[in-house]
Amino acid sequence: MTGWDISPAGVQSVVSNVRDAADAMNSGITLYGKSVEGAMTSAGTLSFGTDGVGGDAAGLVALALAKFVEGTERDMAFLPLRASNSANGAVEATNAYISGSLEQAWNAQRQATRAPDVTAFLEAARKKAGEGR
């Protein structure tokens, strides 16, 4: 911990760039979700019953897209969470460094290097989405 030489203005600049990139990732992820949803809707349906009584179900392409989204959900959530945690950790470490608490700065830096809990994030997002209905 004795070799630290932090430039608060430099940290602020980098954190600003990281937050801009995270915002762009979130926008891209939102667009991705809307695009996949549109593709699923446009992919057509499977019809059951020739007399019109059997009903329709999602088509095979829509089901494949849904499985793909399900399989990549954690990866899509991880990227912006990681960026956010890293930026927040850099700010916390810098603030602690400025106040002279090198141990607190080291703890903030160490905490920021840990992988985010994507499972908890996704569960909270699903719960929040369910409450909005």
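The values are calculated or read from the model by the stated rules, or taken from the named source; none is laboratory data. All of these numbers come straight from a predicted model, not from anything done at the bench. No Cβ is skipped: glycine too gets one built from the backbone with ideal geometry, and neighbour counts run over all protein chains shown.
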Q.
Return the residues of region 90-112 that are over 25 Å from the mean Cα position of the chain (by Cα) and assigned to a helix (DSSP H, G or I); say none if nothing qualifies.
A. 95, 96, 97, 98, 102, 103, 104, 105, 106
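Please tell me if residue 119 is among the hydroxyl-bearing types (Ser, Thr, Tyr) and either loosely packed, with under 11 Cβ neighbours inside 10 Å or not in a helix (DSSP H, G or I) (or both). Outline the logic, then answer.
On the way: among the hydroxyl-bearing types (Ser, Thr, Tyr): yes; either loosely packed, with under 11 Cβ neighbours inside 10 Å or not in a helix (DSSP H, G or I) (or both): yes.
When the stated conditions are applied, residue 119 passes them.
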(Q) For residue 43, only one of the following conditions fails: (1) farther than 21 Å from residue 15 by Cα; (2) at pLDDT 90 or above; (3) among the hydrophobic types (A, V, I, L, M, F, W, C). What is its number? (A) (2)
**Q.** Search result, residues across region 1-48 that are without any contact (Cβ under 8 Å) to a residue 60 or more places away in the chain, β-branched (Val, Ile, Thr) and assigned to a helix (DSSP H, G or I)
**A.** 29, 30, 36, 41
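Out of 78, 121, which single residue is of a type in the set (Phe, Trp, Tyr), at pLDDT 90 or above and under 30 Å from residue 4 (Cα atoms)?
Working: 121 fails: under 30 Å from residue 4 (Cα atoms).
Every option except 78 fails the conditions.
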Q: Confirm whether residue 62 is outside any loop (DSSP other than H, G, I, E, B), under 24 Å from the mean Cα position of the chain (by Cα) and hydrophobic (A, V, I, L, M, F, W, C).
A: yes
